[in-house]
Structure formats: structure tokens, C-alpha cells
1. Considering only DSSP states other than H, G, I, E and B, which GluC sites (Glu not before Pro) in the range A:1-89 qualify as loop sites with at most 14 other Cβ atoms within 10 Å?
2. With +1 assigned to the C-beta of every Lys and Arg and -1 to the C-beta of every Asp and Glu, and no other charges, what is the dipole magnitude of chain A about the Cα centre in debye, to the nearest 20?
3. Along the charge dipole of chain A, pointing to its positive end and built from +1/-1 on Cβ of Lys, Arg, Asp and Glu, which listed residue (A:LEU32, A:TYR19, A:GLY93) has its Cα farthest out?
4. For B:ASP26 and B:SER73, FRET efficiency with R0 = 25 Å and r from the beta-carbon atoms, rounded to 0.05?
5. Taking the Cα centre as origin and putting +1 on Lys and Arg beta-carbons and -1 on Asp and Glu beta-carbons, what dipole magnitude results for the range B:2-96, to the nearest 20 debye?
6. Give me the number: length gained by fully extending A:LYS25 to A:SER112, i.e. 0.36 nm times residue separation minus the C-alpha to C-alpha distance, one decimal in nm.
7. Given points 7 Å out from each Cα along the Cα-Cβ axis, report the B:ASP82 to A:THR90 separation in nanometres with one decimal.
8. Would you mind checking which residues have amide H under 5 Å from B:HIS55's amide H? H placed 1.01 Å from N; only 5 or more apart, or other chain.
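Derivation of every value follows stated rules applied to the coordinates shown; laboratory data play no part. Since the structure is predicted, the reported quantities are computational estimates derived from the model, not experimental observations. Neighbour counts run over all protein chains shown; Cβ positions are idealised from the backbone, glycine included.
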Amino acid sequence: MPNDNKQKPILIVNQSAPYGNANAKESLDLALASSAFEQALSILFTGDGIYQLLPKQSPDDIQSKNLLQMLKALPIYGVEQLYVDQQSLTERGITELDTQLPIVLVNSVEISRLYHDAQTVFRF
Amino acid sequence: MILHTLNKSPSNEALSEQLSQVIQADDQVILLEDGVYHSLLENNDTSHWLGIAAHVHALNDDLKARGLTSNNSAIKTIDYADFVRLSSECDKVIAWY
């Protein structure tokens, strides 16, 4: 299919905490692969997925790669906005996210729109 | 005295409910893996395990990995040597996962 501005985006929904399982890593792999093929991409963080955006992650001692550092590379790959569910932050008592990420807070109406505007939805 | 280990985040509400039914005030709790996200929340509710247990610990490596520092004064940061010591001091270990 030709790549044009009317192309509907792929929506990737991150609802898992980093490190406890492989979901966050696999989601990132899909995001990077999609952008390499110049696919329009929206990424939403909701539920436990917002834990991926906490600052100062340092997973060397649990033998994992730093997923936050990899998320910070997304703008280089053309992902300009990371949508974050405001309500999920409130429920988890989180007041501070990493300041280097291009975060856009969204409410439930905006989340619904992201799902409906997408051509394909992947949930991790 | 029982040692309870919990490795899931607070969004797994069924797990917290089940632990709350069983736990007693002098039991020990160790938060590990995604369980350390419980340290972000304060809960003084006496029907919730966080409000019941007097001794709640969190593994330092798992806190550090996730960008957390235990600023929750009710939760003590421990290492693997402490984990081993607590395991041997308690009558049994129950893993909540």
C-alpha cells in the first residue's frame, strides 16, 4: 500500500510493567520495526504500562536492558508523541515521569479515539 | 511467623485480597519483581495487608531496576542476604504470584 498522509496509524498499547515479563521489550521491538518501514504509529501507555515511563531505571543488577533508554530513542525513529493515560497515573500514586520523553496526557475520550482511529491495534 | 513473598503489582487486586485474608500482624512480607510497585502506595486500611503487616521489605535490586527508591518509610529495603536470613527465621514461606 502506498505510504501517504491519509494512512491510518498502527496503535501499540502498553499495559504491562517493564522487566517482570517480556511484553514491554516486545512492544518496543514492534515499534522500532514499524517505524523502520515508515508506518504511522501511535503508542499509548495505560494501566501498569505507565511504570515503563518512571525516571532513573537501572536494571543492570537484574540482568535486563534499560527499556527507558530505548523508549527515549523513539523520537529519532519518528514517534513524536507518547500518549499516557492520566487516570492510570492517579490510581498508582505516580506524580513524576521521565522528563525527556515526549509525553501527552490523555483522558478516556481521547483513548477511545486512539483505538477507533487506528487501522490495527496491538496490545502488550 | 510466616514469610510472604509478593511479586505482582497492585493492579492484581485478587492477589492482595487473598494475602490480606491470611496475613497476621507479626508476619514478614518481601516485595520482589513487580511487587515492589506496592511501595508507591500507602495503605493504612486494617483490612489490607499493607495496613496489617508490621514488617514489609522490598528487594533493592528490583526497586533500583524500576526507578523506585523506597520513600515509603513503612517499607524497608533489603538485599538477597536479608532474604535468605528471613527465609530461615520464618516457620514457612508462602509465595503469592
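1. On the way: sites: A:GLU26, A:GLU38, A:GLU80; in loops: A:GLU38, A:GLU80.
Sparse-neighbourhood loop GluC sites (Glu not before Pro): A:GLU38, A:GLU80.
2. Value, rounded to 20: 140 debye.
3. A:LEU32
4. Values: r = 19 Å, r/R0 = 0.77.
The formula returns an efficiency of 0.85 here.
5. Roughly 140 debye, rounded to the nearest 20.
6. 28.9 nm
7. According to this spin-label approximation, the distance is 3.4 nm.
8. Excluding prolines and chain starts, which carry no amide H, the hits are B:VAL29.
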